[in-house]
Amino acid sequence: MLTGVERIAFTGHADARGALVAIENNRDLPYAIQRIYYIYGAAGDAVRGKHAHKDLKQTLVCVAGSCDILLDNGHELEIVRLDRPDAGIYIHGLIWREMMHFSPDCVLLALVDRPYDPQDYIHDYNEFRSLVEEEKP
Ligand code: TYD
């Protein structure tokens, strides 16, 4: 995994009736959730995201169906397939992300540490690359 991205395995409570995943602030996630959004009905050829964040933590979970998450730290690319409701990826660094290859039934849930703020977005890839260079020690 790239620095700034971690896989999270949630505890699934499965029994004969099915399965349940519970997510609590600061227990199952290393931060407190302030916002939830979810993406559904995305076309298989749609590409979403295509941005980085200046300062934001979020965890993505495909609670139904599947999709691919492209992660780019400015130097390396990684594509992570999300296809189970008890697994997520926690993104907390300066990472360009794109979501794609949505299955028709995909519901992609995002658990975010702050309210929506358009100012926190970096939509320009060259600006993202400049920020990556600035961040170098
Ligand atoms: P957008 O940023 O284009 O989604 P994605 O990152 O998946 O490509 O968001 C789509 C619309 O939803 C846009 O008009 C902004 C709005 N939006 C909110 O109002 N609140 C939110 O928390 C998010 C993530 C988006």
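The values are calculated or read from the model by the stated rules, or taken from the named source; none is laboratory data. These figures come from a predicted structure and were not determined experimentally. Virtual Cβ from ideal backbone geometry, glycine too; neighbours counted across all protein chains shown. SASA here: full protein model, heavy atoms, side chains in, ligands and nucleic acids out. Shrake-Rupley method; radii C 1.70, N 1.55, O 1.52, S 1.80 Å.
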State all residues of segment 5-21 that are within 18 Å of the chain's Cα centre (by Cα) and either loosely packed, with under 15 Cβ neighbours inside 10 Å or not in a loop (DSSP other than H, G, I, E, B) (or both); if no residue qualifies, say none.
VAL5, GLU6, ARG7, ILE8, ALA9, VAL21
Find the residue count for segment 37-46, including only residues that are under 14 Å from the mean Cα position of the chain (by Cα) and open to solvent by less than 100 Å² (accessible area, probe 1.4 Å).
2
Are any residues in segment 107-116 over 28 Å from GLU134 (Cα atoms) and either away from the ligand (no atom under 12 Å from the Cβ) or open to solvent by 30 Å² or more (accessible area, probe 1.4 Å) (or both), and if so, which ones?
VAL107, LEU109
Return the pairs, sorted by first residue and then second, in which the second residue is of a type in the set (Gly, Ala, Ser) and part of a strand (DSSP E or B), the first residue lies in segment 79-92 and is closer than 22 Å to PRO104 by Cβ, the beta carbons are less than 6 Å apart, and the residues are 6+ apart or on different chains.
ASP86/GLY12; ALA87/ALA9
Which residue pairs have Cβ atoms closer than 6 Å, lie 6 or more positions apart in sequence or on different chains, and pair a first residue in segment 106-128 that is under 24 Å from VAL61 (Cα atoms) with a second residue that is open to solvent by 80 Å² or more (accessible area, probe 1.4 Å) and more than 13 Å from the ligand (Cβ to nearest atom)?
ASP120/LYS54
Working only within segment 73-88, note down all residues that are open to solvent by less than 10 Å² (accessible area, probe 1.4 Å) and touching a Phe, Trp or Tyr at 6+ places or on another chain (Cβ under 8 Å).
GLY74, GLY88
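Against the condition in contact (Cβ under 8 Å) with a residue 24 or more places away in the chain, closer than 20 Å to HIS123 by Cα, assigned to a strand (DSSP E or B) and open to solvent by 10 Å² or more (accessible area, probe 1.4 Å), how does GLU98 come out, does it pass?
So GLU98 fits the description; yes.
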For GLY65, which of the numbered conditions (1) surrounded by 16 or more Cβ atoms within 10 Å (Cβ to Cβ); (2) touching a residue at least 60 places away in the same chain (Cβ under 8 Å) fails to hold?
(2)
Filter segment 47-62 for residues that are away from the ligand (no atom under 11 Å from the Cβ) and either hydroxyl-bearing (Ser, Thr, Tyr) or open to solvent by 30 Å² or more (accessible area, probe 1.4 Å) (or both); the one that is nearest to LEU20 (Cα to Cα) is THR59
